[in-house]
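This report concerns only the one structure given below.
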Amino acid sequence: MHPITLNESDCKARNLKYKEDIAYVTKHNKWILKSIGIWPSIFKDVSKFLPKIMFGLCNFVLFFAIIPCILYIVIEENDTMIRFKLFGLLSFCLVALIKYWTLLYRKSRIKNCVEQIWIDWEQVELYEDREMMLKYGQMGRNLMIICAMFTYTGGTIFHTILQYKVGTFIDEYNRTIKPVIYPTYNGLFNVQRSPIYEFVYILHCMCGYVMHSVTAGACGLTALFATHACGQIDIVIARLNDLIHGKYSKEKINLNARFTKIIEHHLRILRFSATVQEVLQELCFLECIGSTFLICLLEYYCITDWELNNTISLTTYIILLISLIFNIFILCYIGELLMEKSSNIGLSCFMIDWYYLPSKTIRGLILMIAISSNPTKISAGGIVDLSLSTFGNVLKTSFAYLNFFRTTIM
């Protein structure tokens, strides 16, 4: 699906086509988040029971995999190295579960942000504005697609090919052991019996889908909201550059009215950005902490599988490692982009021919410059701001932990 192509004279048609533009920008986010009950229903006639059913089902499959896995690690497994390897899998499951609950807790705020996106697209007045919004919307869409490709590819290989590589084997008690994705404590039920084994395998695959959908959905949601804010900032900058001459104003309004519209638009962006920050702060905190630890573990698994020549296992862990690194890079890159764009508003205020403006308008520009000196940021739990330097710190920390593990374990 591609955005509708319109020329500059299609003003009325353009306003009628905003739904197609929104569908183009949000389609992949909607598919993934709707499948796990997170995407908000904008229209009142949409059934309210389906998200609740999905919420219950997703929590069931997550707990069905996590609780027996914890019992297996604590009670049944005695090998320290195997415990250490399973701890990485369990950590990923727990982080995904907490992120899922966080998304559910912030669902009302997510709905507010989505509604604001609808309003902004509906109020597009100029061809140039639509082109800027589509440029950033396509950027967020592409980031979402790449993130989903890496996430689901690694997850699919882990849940299918890697399990077949392990294969069925005979244990020391002459029992036929079929591989399970998430180790299960045998005190609860005998997972090797049929059809229990097939039922457990299906639920484990569903659990994997939920966890990877949470990871891809959280990253895609961040890309959607942040790129939309960047598009709106570019529109404000374009209005500032046109403040004196008013060439692109559809209505013949005076300078004060044009400046009032700019201020209102800027304030709307600030409110939207504050809501986005509230929605994403816990998710970004979990992503930073979880990614630092999981990247370290995956690096360790890659080294050990390289030494053991486990090609399929090594390939799986490399794809998962790339997925995690790419996800945290997207978050940090978007945070950097949003800071840079919001700072550019103050620079644009200074770069226009402000000396031709009335003194009251100049004072208003000074206030905009002051606000822009504290740019919009996406923070991880209010502790650290997401930027490219944060991405570098995450990688350096994961390598430091890797050296620690290699020194103490290998």
Fill in: Hits in region 91-109 (condition: out of contact with any Phe, Trp or Tyr (no Cβ under 8 Å at 6 or more places or on another chain) and either without any contact (Cβ under 8 Å) to a residue 12 or more places away in the chain or farther than 17 Å from Cys69 by Cα (or both))
Lys99, Tyr100, Trp101, Thr102, Leu103, Tyr105, Arg106, Lys107, Ser108, Arg109
Response to the item:
Here the residues within region 362-410 that are within 18 Å of Leu297 (Cβ to Cβ) and basic (Lys, Arg) are Lys396, Arg406
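Working only within region 296-311, note down all residues that are among the aliphatic types (A, V, I, L, M), out of contact with any Gly (no Cβ under 6 Å at 6 or more places or on another chain) and either in contact (Cβ under 8 Å) with a residue 12 or more places away in the chain or open to solvent by less than 30 Å² (accessible area, probe 1.4 Å) (or both).
First pass over region 296-311, keeping only residues among the aliphatic types (A, V, I, L, M): 297-298, 303, 308.
Next cut, out of contact with any Gly (no Cβ under 6 Å at 6 or more places or on another chain) only: 298, 303, 308.
Result: Leu298, Ile303.
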Discussion item. Quick check on my filter: what residues within region 317-361 are open to solvent by less than 40 Å² (accessible area, probe 1.4 Å), farther than 27 Å from Ile303 by Cβ and not polar (S, T, N, Q)?
Written reply: Ile334, Gly335, Leu337, Leu338, Met339, Lys341, Ile345, Gly346, Cys349, Ile352, Leu357
Item to complete: Looking at (1) touching a strand residue (DSSP E or B) at 6+ places or on another chain (Cβ under 6 Å); (2) within 22 Å of Asn142 (Cα to Cα); (3) of a type in the set (A, V, I, L, M, F, W, C), find the lone condition where Phe285 falls short.
Response: (2)
Worksheet item: Pro375 versus (1) open to solvent by less than 30 Å² (accessible area, probe 1.4 Å); (2) outside any loop (DSSP other than H, G, I, E, B); (3) under 30 Å from Leu283 (Cβ atoms): which is the lone unmet condition?
Response: (2)
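Condition check ((1) assigned to a loop (DSSP other than H, G, I, E, B); (2) more than 16 Å from the chain's Cα centre (by Cα); (3) under 15 Å from Met339 (Cα atoms)) across all residues:
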site: His228; (1), (2), (3): no, no, yes
site: Gln232; (1), (2), (3): no, yes, yes
site: Arg239; (1), (2), (3): no, yes, no
site: Ala274; (1), (2), (3): no, yes, yes
site: Gln281; (1), (2), (3): no, no, no
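Filtering region 127-183 down to residues that are of a type in the set (Lys, Arg), part of a helix (DSSP H, G or I) and modelled with pLDDT of 70 or more, which residue is surrounded by the most Cβ atoms within 10 Å (Cβ to Cβ)? Please lay out each step first, then the result.
Of region 127-183, the ones of a type in the set (Lys, Arg) are 130, 135, 141, 165, 175, 178.
After this cut, where a residue has to be part of a helix (DSSP H, G or I) as well, the list is 130, 135, 141, 165.
Filter again for modelled with pLDDT of 70 or more, leaving 130, 135, 141.
On the way: Arg130: 25, Lys135: 13, Arg141: 21.
Among residues in region 127-183 that are of a type in the set (Lys, Arg), part of a helix (DSSP H, G or I) and modelled with pLDDT of 70 or more, the one surrounded by the most Cβ atoms within 10 Å (Cβ to Cβ) is Arg130.
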Discussion item. Quick check on region 72-95. Is at least one of its residues within 30 Å of Lys261 (Cβ to Cβ) and not in a helix (DSSP H, G or I)?
Written reply: no
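Look at region 227-240 and say how many of its residues are of a type in the set (Asp, Glu) and either open to solvent by less than 10 Å² (accessible area, probe 1.4 Å) or modelled with pLDDT of 90 or more (or both). Before the answer, list the steps.
We begin by selecting, within region 227-240, every residue of a type in the set (Asp, Glu); these are 234.
With either open to solvent by less than 10 Å² (accessible area, probe 1.4 Å) or modelled with pLDDT of 90 or more (or both) added as a condition, the list becomes none.
Total meeting the criteria: 0.
Considering region 75-117 alone, what residues qualify as being touching a Ser or Thr at 6+ places or on another chain (Cβ under 7 Å) and open to solvent by less than 40 Å² (accessible area, probe 1.4 Å)? Quick ask: steps written out before the conclusion?
If we filter region 75-117 for residues that are touching a Ser or Thr at 6+ places or on another chain (Cβ under 7 Å), which is where we start, we get 96, 109, 112-113.
Within region 75-117, Ala96, Cys113 meet the criteria.
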Worksheet item: Which residues, counting only those in region 259-276, are within 19 Å of Cys113 (Cβ to Cβ) and surrounded by fewer than 18 Cβ atoms within 10 Å (Cβ to Cβ)?
Response: Glu264, His265, Leu267, Arg268, Leu270, Arg271, Ala274, Thr275
Worksheet, complete the sentence: Going through region 47-74 in order, the residues found to be open to solvent by 90 Å² or more (accessible area, probe 1.4 Å) and modelled with pLDDT under 90 are Lys48, Phe49, Leu50, Lys52, Ile53, Val74
Worksheet item: Which pairs have Cβ atoms under 6 Å, sit 6 or more apart or on different chains, and link a residue in region 354-382 that is more than 18 Å from Ile262 (Cα to Cα) to one that is of a type in the set (Asp, Glu) and at pLDDT 80 or above?
Response: Lys377/Asp385; Ser379/Asp385
Discussion item. If the requirement is being crowded, with 16+ Cβ neighbours inside 10 Å, assigned to a loop (DSSP other than H, G, I, E, B) and not acidic (Asp, Glu), which of these qualifies: Leu243, Leu314, Leu224?
Written reply: Leu243
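The values are calculated or read from the model by the stated rules, or taken from the named source; none is laboratory data. Model, not experiment: these values are computed from the prediction. Note that each Cβ is placed from the backbone with ideal geometry, even for glycine, and that neighbours are counted across all protein chains shown. Remember, those area values only see protein heavy atoms, side chains included, never the ligands or the DNA or RNA. Shrake-Rupley method; radii C 1.70, N 1.55, O 1.52, S 1.80 Å.
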